[in-house]
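All of the numbers you see were taken from the coordinates with simple rules; none came from a lab. Remember, predicted model here, so these are calculated numbers, not experimental data. Every residue, glycine among them, receives a Cβ derived from its backbone with ideal geometry; neighbour counts consider all protein chains shown.
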Amino acid sequence: RDSRPLRSSSHAGGVSSDRTPSSPLQASGSDPPVPLSPTGHLALAMKLLVATARPMSWSDLPPELLGLVLKRLPSLADRVRLRAVCHPWRSNALLQPLPPPLPWLALLDGTFLSIPDGEIIEMPMPDDAFCYGSVDNWLFLVHSDGQCSLMNPFSEDTLKLPDLSTGWHIRLPGCPEFNPVFCKLSVPSPLESSLNPLVAIMHESWGLCIFQPPVVTDTIQGREPLEALLEISFFGGKLFAIDSSRKLLNIELVEDLEHKPKISLFKCIIESSDDLLSRPESMSSDEEYIVKPYLVECAGKLLMVNRWICGLHPAPCIDYDRTRKFDVFEADFITKPCRWRRVNDLGGHALFVSSSSSKSFPAGECSGVQENCIYFMSELSGLKLVADPLHDSGVYNMKNGVTIPLLSDTSAVPLPSYHVGPCRLTWLFATQAL
């Protein structure tokens, strides 16, 4: 046996002893490194530990080798399990520069679906609340008594929200006074980073409300824009919105005398144009389509993603069929006047979109996401979604227009949910340090 200690190789990710032969991680000569799977790295580590003279534990695993394994684990659940092995692994893992873990899909029964392996994960959730959306790694919950809150399921921290039913006084036919099925929350910065976080919430039928929990500071009731708002998002510290004509609006916020945020005005940044809603030639003229917009920040750019969904009528309660196509446009703030510019390449990124939360992710072998692809979930609510949680969800490739299933072929399909409330599916984007 060789009793000499292990040392780091000069090659990235390589580990070798003082012996002459090359490490299994590095091919001989000028050949590139031989790629190993995460389990392959662990198996190699075990062989190296066994080959040493003195007894060694898992805590003795070199940090650089641990980093190699973590970078090849896009699943959040797998990363958490690895860090739980021992305290040194957890400490070292928190220091590793890693791509963000893949998001989870919050299902109607309160469980979470890991992408793309399809693992069902249970986490503590309040018994009296239903999830109506999310913002980053916080779930937007509505409790049985009508109160609303944000909850971080990883830390179990909660943030009480104002009674949103008092923010608007519009009662829709056949609906309760507060029906948050089509809510969208947006924040300018992570909620954990601010003592007085600013939150904007949009309802498809009501409009917009600005608040600093737990107080509502302003609404747009009585001074709505000419067109209904379809989407909101903070970008560069500013609040933007898309209206039904696909204009990009900047909703300017100012502080009042009590330093509370107020809505000052709606400023049109980009006018609408006919090509934004022009039906693609590849789509049947005999079908009706709903075009759902999403605002997403990607590599420092603001994108509008148009999703073409085949349906019979644009009413929000209708049972949509299937997504046919996505179109992506970049907000060009340099050209005067500003305009939407069509984008056919995401520049090494992928997009995760939904009504409640959308984000971009760097693509690559280690990230677990495919370049130039759009990951999407169902926009349905009601019985059809209960019967098939993954109805009209998938991964759309912008290059060839092909959609593949959201889960891998070896994944188990989620069982039908027995919750029949008005909740919707939503992404949950975990932070890196958990």
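Remarks
- The Stokes-Einstein estimate for segment 257-360, based on a Kirkwood radius over Cα pairs and taken at 4 °C with 1.567 mPa s viscosity, is a diffusion coefficient of 81 µm²/s.
- Protection proxy ranking for 276-282, 139-145, 68-74, using the average of other Cβ atoms within 10 Å per residue and placing the highest first: 68-74, 139-145, 276-282.
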